[in-house]
Amino acid sequence: MFNFLIGAFVTFIVIINPSGIIPIFISLTRVNSAAQRAKIARKATIISLILLPIFTFVGDYLLDSLGISISSFRIAGGILLLLAAIDMVVARHSGISSTTPDEQQEALQRDDISVFPLAIPLIAGPGALVSAVILMREVEGDIIMQLGLIAVLVIVVMIMYICLLLAEPISKFLGVTGSNVLGRVFGIILVALAVQFIIDGLGQSVGHIFKPSPSIQAPGKTPLFGSDTSNL
């Protein structure tokens, strides 16, 4: 349990990437006062805390309703996270893990950036949403682990909130180079997580495809994958 929650924490903190959001937040709120920045950060945090847990449960239900297997979603999610990780490693902004230049230009014309682009897609972006659903499927049926996962998600979002409140001093401490270096380190970790998601998904898919059917299994033979299912 402890290892799973630690892994979930690392996954969320890496994909949300506070060091990457801080420069964007400062850029978009440079004309706002400290009080206005705090209000924007608070509103974005509340929206994220509502959206992420809801999507975690609703997304799981949608997968079941659409007949999408966890292995397929693992592969798709792993590819998405891999693309986001590549963006982080090369310090590129394609819109997967950050905002595009056009989105930033649109955000500059908004009086309130708390919903877009701060809450969505910067905090509760595609990577965070996909990761939340995948991890929730890992502990399906275990209410204690599900609550633990939600608690980890809340902790990470609150860390992001604190980082937004302290955006100016953190930015001055890290600088542009420091932010990029930290983002690249997070990106490398995310590459490993993404590849693991893909490998796990492929392993489950291959095991399902090649698992012998009970109707054609020879008597007394043990299936290639798993235990004997002839009595099921």
Report, by residue number, each residue of the range 48-68 that is more than 16 Å from the chain's Cα centre (by Cα) and buried (at least 16 other Cβ atoms within 10 Å of the Cβ). 63
Exactly one condition in (1) surrounded by 14 or more Cβ atoms within 10 Å (Cβ to Cβ); (2) under 19 Å from residue 159 (Cα atoms) is not met by residue 4; state its number. (2)
Restricting the search to the range 107-150, which residues are without any contact (Cβ under 8 Å) to a residue 60 or more places away in the chain and within 15 Å of the chain's Cα centre (by Cα)? 121, 126, 130
Restricting to the range 87-145, name every residue that is modelled with pLDDT of 85 or more and over 18 Å from residue 16 (Cβ atoms). 137, 138, 139, 140, 141, 142, 143, 144, 145
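The values are calculated or read from the model by the stated rules, or taken from the named source; none is laboratory data. Here the structure is a predicted model, which means the values were calculated and not measured. Cβ: placed from backbone, ideal geometry, glycine included. Neighbour counts: every protein chain shown.
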